[in-house]
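These notes concern the structure reproduced below.
The values are calculated or read from the model by the stated rules, or taken from the named source; none is laboratory data. From a predicted model like this one, the values you see are computed outputs, not experimental measurements. Note: ideal-geometry Cβ built from the backbone for every residue, glycine included; neighbour counts use all protein chains shown.
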Amino acid sequence: MPSFYLDLKAGRGVTEVDALNGAVARFGRRFGVPTPVNDFLNQTLQALAAGKLPRESFARNPQKLLESYREIQSQRTTP
């Protein structure tokens with residue numbers, strides 16, 4: 001199983017997500033390169049790990065994750 005899954009299952013509350021997706025987002029901001037997917041994944045997966053989002057939020061439903069991403073993006077582009 002992926003390490004993220006193992007970290008969630010163990011209830012560690014901390015994962016490698018920030019070191020991976022978070023790093024891409026931080027470097028993107030630093031160099032003026034938009035990284036909306038990495039921003040979204042970093043925030044969402046960290047919220048799952050920290051218990052701020054129920055682990056079942058996207059269970060067996062990748063379409064729901066995609067819809068959540070699209071909703072957030074539409075909110076950012078709507079005045």
*Being touching a Lys or Arg at 6+ places or on another chain (Cβ under 8 Å), in contact (Cβ under 8 Å) with a residue 40 or more places away in the chain and on the phi < 0 side of the Ramachandran plot narrows it down to one of LEU45, LEU8, so name that one.*
LEU8
*Does segment 59-73 contain at least one residue that is surrounded by 12 or more Cβ atoms within 10 Å (Cβ to Cβ), among the aromatic types (Phe, Trp, Tyr) and modelled with pLDDT of 95 or more?*
yes
*Looking only at segment 53-71, which residues are closer than 16 Å to TYR5 by Cα and basic (Lys, Arg)?*
ARG55, ARG60
*Taking segment 48-64, which residues are on the phi > 0 side of the Ramachandran plot and basic (Lys, Arg)?*
ARG60
_Checking GLY51 against (1) in contact (Cβ under 8 Å) with a residue 24 or more places away in the chain; (2) in contact with a helix residue (DSSP H, G or I) (Cβ under 7 Å, 6 or more places away or on another chain): exactly one of these is not met. Which one?_
(2)
_Selection within segment 20-34 - closer than 23 Å to PRO62 by Cβ, surrounded by fewer than 18 Cβ atoms within 10 Å (Cβ to Cβ) and out of contact with any Ser or Thr (no Cβ under 6 Å at 6 or more places or on another chain)_ = LEU20, PRO34
*Determine which member of the set LEU41, LEU48 is under 17 Å from PHE4 (Cα atoms), of a type in the set (A, V, I, L, M, F, W, C) and modelled with pLDDT of 95 or more.*
LEU41
*When the residues of segment 3-18 are filtered to those that are charged (D, E, K, R) and over 13 Å from the mean Cα position of the chain (by Cα), which remaining residue is surrounded by the most Cβ atoms within 10 Å (Cβ to Cβ)?*
ASP7
